[in-house]
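K.L.:
Okay, handing you the structure first.
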Amino acid sequence: MKTKIVIIDDHQLFREGVKRILEFEKSFQVVAEGDDGTAALDLIREHDPDVVIMDINMPTMNGVEATGRVMERYPEAKIIILSIHDDENYVMHALQTGARGYLLKEMDADALIEAVKVVASGGSYLHPKVTHNLVNEYRRLVGSGEESAAATLQQPEIRRPLHLLTRRECEVLQMLADGKSNRGIGEALYISEKTVKNHVSNILQKMNVNDRTQAVVVAIKNGWVEVK
């Protein structure tokens with residue numbers, strides 16, 4: 001079955017570009033489009049999409065407010081926020097409201113497709129640059145003693161990485177902490193993106209986490225990676 005997608009963005013040209021990228025993936029189907037947050041509820045009720053891609057800056061009702069209203073009525077909805085803002089305050093607000101993903105509009109096509117696949121399967125996905133900023137904020141909170149504020153990011157203790165991960169997987173984990181995309185990791189290690197994806201999947205499974213962000217936070221908490 002195809003992944004049904006609704007796109008909400010007030011810029012028609014950008015919306016068309018996102019639609020074109022998504023339709024290159026044979027397993028995706030864009031079932032509806034809207035140009036304002038107020039349209040989201042009606043389109044979700046009508047089409048029951050697997051994923052909603054929502055711009056954060058829109059007139060009348062912005063993406064975060066719309067996400068909050070959607071989650072009140074449809075708590076199982078899977079929403080990816082699109083934004084030009086990489087500030088952690090924007091990201092945390094969107095995630096706290098119920099978004100499953102946060103992508104910067106500077107993303108490439110591969111990141112968009114990967115994000116939809118991850119979120120549709122029940123995971124969460126953050127743009128690598130956003131992940132790096134959140135990790136730095138986490139370190140600041142813990143370093144300043146505000147551990148309660150960072151508590152939602154903490155995970156159970158697990159084994160030391162060299163008993164858990166291969167050396168290559170440790171290299172990939174460090175690059176995830178550096179904010180590199182799959183393509184960037186592949187170029188740095190001279191391996192294909194497919195190989196990188198396999199390494200990332202193995203890391204998540206071995207660390208018993210759901211997504212890249214959780215993996216990086218666990219790694220920092222346990223001193224397995226260096227945040228530059």
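K.L.:
Can you tell me which residue is surrounded by the most Cβ atoms within 10 Å (Cβ to Cβ) among those in segment 181-203 that are within 16 Å of the chain's Cα centre (by Cα) and under 18 Å from Val218 (Cβ atoms)?
P.N.:
Among those that are within 16 Å of the chain's Cα centre (by Cα) and under 18 Å from Val218 (Cβ atoms), it is Val200.
K.L.:
A follow-up question, please. Given the conditions (1) surrounded by fewer than 22 Cβ atoms within 10 Å (Cβ to Cβ); (2) under 27 Å from Leu173 (Cβ atoms); (3) among the basic types (Lys, Arg), and given that Arg73 satisfies all but one, which numbered condition is not satisfied?
P.N.:
(2) is the only condition that Arg73 fails.
K.L.:
Still on this model: Please tell me if Ala219 is at pLDDT 70 or above, aliphatic (A, V, I, L, M) and either part of a helix (DSSP H, G or I) or open to solvent by 20 Å² or more (accessible area, probe 1.4 Å) (or both). Spell out how you get there, then give the answer.
P.N.:
Numbers: at pLDDT 70 or above: yes; aliphatic (A, V, I, L, M): yes; either part of a helix (DSSP H, G or I) or open to solvent by 20 Å² or more (accessible area, probe 1.4 Å) (or both): yes.
In short, yes.
K.L.:
Across segment 56-85, what is the total count of residues that are among the small types (Gly, Ala, Ser) and over 18 Å from Leu126 (Cα atoms)? Quick ask: steps written out before the conclusion?
P.N.:
Keep residues of segment 56-85 that are among the small types (Gly, Ala, Ser), which gives 63, 66, 68, 77, 83.
After this cut, where a residue has to be over 18 Å from Leu126 (Cα atoms) as well, the list is 66, 68.
The qualifying residues number 2.
K.L.:
Can you confirm whether segment 65-79 contains a residue that is under 20 Å from Leu13 (Cβ atoms), of a type outside the set (Lys, Arg) and touching a helix residue (DSSP H, G or I) at 6+ places or on another chain (Cβ under 8 Å)?
P.N.:
At the first step, the residues of segment 65-79 found to be under 20 Å from Leu13 (Cβ atoms) are none.
Among the residues of segment 65-79, not one is under 20 Å from Leu13 (Cβ atoms), of a type outside the set (Lys, Arg) and touching a helix residue (DSSP H, G or I) at 6+ places or on another chain (Cβ under 8 Å), which makes the answer no.
K.L.:
Shifting gears a bit: Scan segment 109-121 and tell me whether some residue there is surrounded by fewer than 24 Cβ atoms within 10 Å (Cβ to Cβ), part of a loop (DSSP other than H, G, I, E, B), outside the structural domain of Val209 (by the TED database) and in contact (Cβ under 8 Å) with a residue 24 or more places away in the chain.
P.N.:
No, because not a single residue in segment 109-121 is surrounded by fewer than 24 Cβ atoms within 10 Å (Cβ to Cβ), part of a loop (DSSP other than H, G, I, E, B), outside the structural domain of Val209 (by the TED database) and in contact (Cβ under 8 Å) with a residue 24 or more places away in the chain.
K.L.:
Just checking, does segment 166-182 include any residue being acidic (Asp, Glu), in a loop (DSSP other than H, G, I, E, B) and either modelled with pLDDT under 80 or not assigned by the TED database to the domain that holds Arg15 (or both)? Quick ask: steps written out before the conclusion?
P.N.:
Narrowing segment 166-182 to residues acidic (Asp, Glu): 169, 171, 178.
Cutting the leftovers down to in a loop (DSSP other than H, G, I, E, B) gives us 178.
With either modelled with pLDDT under 80 or not assigned by the TED database to the domain that holds Arg15 (or both) added as a condition, the list becomes 178.
There is at least one residue in segment 166-182 that is acidic (Asp, Glu), in a loop (DSSP other than H, G, I, E, B) and either modelled with pLDDT under 80 or not assigned by the TED database to the domain that holds Arg15 (or both).
K.L.:
Same structure, new question: Taking the conditions exactly as written (open to solvent by 40 Å² or more (accessible area, probe 1.4 Å), over 30 Å from Val30 (Cα atoms), at pLDDT 85 or above and not hydroxyl-bearing (Ser, Thr, Tyr)), does Lys206 satisfy them or not?
P.N.:
Values: open to solvent by 40 Å² or more (accessible area, probe 1.4 Å): yes; over 30 Å from Val30 (Cα atoms): yes; at pLDDT 85 or above: yes; not hydroxyl-bearing (Ser, Thr, Tyr): yes.
For Lys206, the condition - open to solvent by 40 Å² or more (accessible area, probe 1.4 Å), over 30 Å from Val30 (Cα atoms), at pLDDT 85 or above and not hydroxyl-bearing (Ser, Thr, Tyr) - is met.
K.L.:
A follow-up question, please. Name the residue that is surrounded by the most Cβ atoms within 10 Å (Cβ to Cβ), counting only residues in segment 85-108 that are in contact with a Leu (Cβ under 7 Å, 6 or more places away or on another chain) and not in a strand (DSSP E or B).
P.N.:
Val91
K.L.:
OK, next. Can you name every residue in segment 73-84 that is hydrophobic (A, V, I, L, M, F, W, C) and assigned to a loop (DSSP other than H, G, I, E, B)? Can you show your working first?
P.N.:
Residues of segment 73-84 hydrophobic (A, V, I, L, M, F, W, C): 77, 79-82, 84.
Within segment 73-84, Ala77, Ile84 qualify.
The values are calculated or read from the model by the stated rules, or taken from the named source; none is laboratory data. Being a predicted model, the structure only gives us computed values, none of them experimental. A quick note on method: Cβ atoms are made from the backbone with ideal geometry, for glycine too, and the neighbour counts reach across all protein chains shown. Accessible surface areas use protein heavy atoms only, side chains included; no ligands, DNA or RNA. Shrake-Rupley method; radii C 1.70, N 1.55, O 1.52, S 1.80 Å.
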